[in-house]
Amino acid sequence: MGWADISDKVTGRLEAGRLVFYHNHQPVAEMDLRTKEMSLREGYMMDGAQIFAADNKTKLQPRYADNCDVDWCQ
């Protein structure tokens, strides 16, 4: 699985003493403004000031032929 940089597509909203980060209208992370502690949802990671989303498009595609032995495939 790869990671896609979504930093420029993330927006933030203040909600009850925390800053909630959104991508495609879905919450992806939040920061407690008192403690400055950051938590990210599953499928997201942060590196410095950049936020990355799991890129499911990079999954390995299944092979068109399996169980081949000497050019005979099942």
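Read-outs throughout are calculated quantities, based only on the coordinates presented, and are distinct from any laboratory measurement. Bear in mind that the values here come from a model prediction, so they are computed numbers and not experimental data. Please note: Cβ atoms are built from the backbone with ideal geometry, for glycine as well, and neighbour counts cover all protein chains shown.
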* Structure fact -> Flagged in the stretch 1-54 as assigned to a loop (DSSP other than H, G, I, E, B) and surrounded by 12 or more Cβ atoms within 10 Å (Cβ to Cβ), in numbering order, are Ile6, Val10, Leu33, Arg41, Gly43
* **Close pairs (6 angstrom Cβ cut-off, 6 or more residues apart or separate chains): touching a residue at least 24 places away in the same chain (Cβ under 8 Å) in the stretch 27-45, of a type in the set (Phe, Trp, Tyr) and surrounded by 17 or more Cβ atoms within 10 Å (Cβ to Cβ) anywhere** => Val28/Phe21; Val28/Tyr44; Met45/Phe52
